[in-house]
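S.K.: Please see the structure below; I have some questions.
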Amino acid sequence: MATRLKKSYRFAFRSALLITIFFVPVLCLLLWLFDMVNWYLLATAGLFSFFLSFGAIQIRIEKFIYRRIKKIYDDVALLESSTLTSDTINTDMRTLTTEIEKFAHDKKIEIDTLRIREEYRKDFIGNVSHELKTPLFTVQGYILTLLDGAMEDKAIRKKYLQRANKGVERLIYIVKDLDLITKLEVGDLHLDLENFDIVELIQSAFDQLEMKAAKKKVVLTFDMDYEEPIYVKADKEKIHQVLINLLVNSIKYGHRDGTTEVSVENLIKNKVIVRVTDNGEGIAKNHIPRLFERFYRVDKSGSRSEGGSGLGLSIVKHIIEGHDEKIYVESVEGVGSEFSFTLEKTKNKAS
């Protein structure tokens, strides 16, 4: 690394000044004792003392301190710190101390971030392993049973093949969601923006999930009658996916004979907020900060029996943030949950 020293003479100047201030009165006292006081001599001796001290101190600093400081810069430059790899090396002690402290602070933040990422990576790998091995072992179990002789019975063969096929479908579902969320996280999200009626899209999601809700006896409804369309500008297909994921979760974790209510409200002049509210089991406060993590589940046991990839909320978050919008969650255990997200509002379909 090509560097140049930015020398500081402050320390040498102050030290030389202190030596001179001490030396001149002593010399004056000696001259007075011998009755040889000469102001011209005192001034000359003072200047000579100052410059001699300044030069000696500066040379010693450069030889024994600046070189070591340069070595410190060269060593930390290997860490590629933007704080300490500038072309100019500052040898002023105060400035150097500040830079080193900032460097240490930045490195501590980096280390803490890496530690958090490492914990997240381990958690993620464990979750992926758990999610994949369950359907894999299920499929393997059915196939091995068939190979052990059950294949001769047509009824059992058909039943086990159908169950194995469900396991494979679950694997495909998980892999597709993993592929989608990987693209979302690296910023590979292509948005096909258009103006559409959000009320109509919500009704479409209701119709699609009608049978699923009926099995759980959950009522999907609006908070009021929307006689006029509400136009928003977004990727219609991806917002539809957001609505489906939120409604599916609401049905999955809602109480039997419960209700899921969707509302669309004006937030500010050019924004609306879509709220999906249920009266289900609710979510404990300690789980809320991690709800949008991949594979994170509030109920570690029961939720898996309901199916799903465990990636739904994470996908929802990335889609909404890909629109430069916000998503919120409020929940009270035993009362219910509300997920809401903002969208850009437009005046009409053509605008």
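The values are calculated or read from the model by the stated rules, or taken from the named source; none is laboratory data. For clarity, every value in this text was computed on a predicted model and none was experimentally measured. Cβ coordinates were reconstructed from backbone atoms using ideal geometry, including for glycine residues, and neighbour counts include every protein chain displayed.
S.K.: Just a yes or no: is a residue in region 62-69 modelled with pLDDT under 80, surrounded by 12 or more Cβ atoms within 10 Å (Cβ to Cβ), over 44 Å from the mean Cα position of the chain (by Cα) and not hydrophobic (A, V, I, L, M, F, W, C)?
M.R.: Yes: region 62-69 contains one or more residues that are modelled with pLDDT under 80, surrounded by 12 or more Cβ atoms within 10 Å (Cβ to Cβ), over 44 Å from the mean Cα position of the chain (by Cα) and not hydrophobic (A, V, I, L, M, F, W, C).
S.K.: Answer yes or no as to whether residue 241 is within 33 Å of the chain's Cα centre (by Cα), surrounded by fewer than 19 Cβ atoms within 10 Å (Cβ to Cβ) and assigned to a helix (DSSP H, G or I).
M.R.: Yes; evaluated as a whole, the condition is true for this residue.
S.K.: Here is a follow-up. Restricting the search to region 278-296, which residues are aliphatic (A, V, I, L, M) and buried (at least 17 other Cβ atoms within 10 Å of the Cβ)?
M.R.: Within region 278-296, 283, 291 meet the criteria.
S.K.: Now for a different question. Answer yes if at least one residue in region 256-277 is surrounded by 18 or more Cβ atoms within 10 Å (Cβ to Cβ), part of a loop (DSSP other than H, G, I, E, B) and either in contact with a Cys (Cβ under 9 Å, 6 or more places away or on another chain) or without any contact (Cβ under 8 Å) to a residue 40 or more places away in the chain (or both), and no otherwise.
M.R.: No, there is no match, as no residue in region 256-277 is surrounded by 18 or more Cβ atoms within 10 Å (Cβ to Cβ), part of a loop (DSSP other than H, G, I, E, B) and either in contact with a Cys (Cβ under 9 Å, 6 or more places away or on another chain) or without any contact (Cβ under 8 Å) to a residue 40 or more places away in the chain (or both).
S.K.: Restricting attention to region 160-213, report how many residues are touching a His at 6+ places or on another chain (Cβ under 8 Å) and modelled with pLDDT under 90. So that I can check it myself, show each step before the final result.
M.R.: So in region 160-213, the residues touching a His at 6+ places or on another chain (Cβ under 8 Å) come out as 181, 184-185, 189, 191, 201, 204-205.
From what is left, the residues that are modelled with pLDDT under 90 are 181, 184-185, 189, 191.
Looking only at that region, the number is 5.
S.K.: Select from region 280-316 the residues that are at pLDDT 65 or above and among the hydroxyl-bearing types (Ser, Thr, Tyr) and list them in ascending order.
M.R.: Matches in region 280-316: 296, 314.
S.K.: Follow-up question, since we're still on this one. Scan (1) crowded, with 19+ Cβ neighbours inside 10 Å; (2) assigned to a helix (DSSP H, G or I); (3) among the aromatic types (Phe, Trp, Tyr) for the single condition residue 196 breaks and write down its number.
M.R.: The single condition residue 196 does not satisfy is (2).
S.K.: Take the conditions within 21 Å of residue 348 (Cα to Cα), β-branched (Val, Ile, Thr) and surrounded by 15 or more Cβ atoms within 10 Å (Cβ to Cβ) and apply them to residue 174. Does it pass? Explain how you work it out, then say what you get.
M.R.: On the way: within 21 Å of residue 348 (Cα to Cα): no; β-branched (Val, Ile, Thr): yes; surrounded by 15 or more Cβ atoms within 10 Å (Cβ to Cβ): yes.
Here the answer is no, as residue 174 does not meet what is asked.
S.K.: Restricting the first residue to region 100-120 and requiring it to be on the phi < 0 side of the Ramachandran plot and surrounded by 10 or more Cβ atoms within 10 Å (Cβ to Cβ), which pairs with a second residue that is assigned to a helix (DSSP H, G or I) and hydrophobic (A, V, I, L, M, F, W, C) meet a Cβ separation below 9 Å and a spacing of at least six or different chains?
M.R.: Listed pairs, sorted by first residue: 100/72; 100/76; 103/76.
S.K.: Can you pull out every residue in region 326-351 that is part of a loop (DSSP other than H, G, I, E, B), charged (D, E, K, R) and either under 14 Å from residue 229 (Cα atoms) or at pLDDT below 90 (or both)?
M.R.: 333, 347, 349
S.K.: Sort out which residues of region 217-238 are surrounded by fewer than 15 Cβ atoms within 10 Å (Cβ to Cβ) and farther than 26 Å from residue 189 by Cβ, and write them in order of number.
M.R.: 217, 219, 221, 222, 223, 224, 225, 227, 228, 229
S.K.: Checking the condition at pLDDT below 80, farther than 30 Å from residue 323 by Cα and not basic (Lys, Arg), which residue from 155, 150 passes?
M.R.: Working: 155 fails: at pLDDT below 80.
None of the other options fit; the residue is 150.
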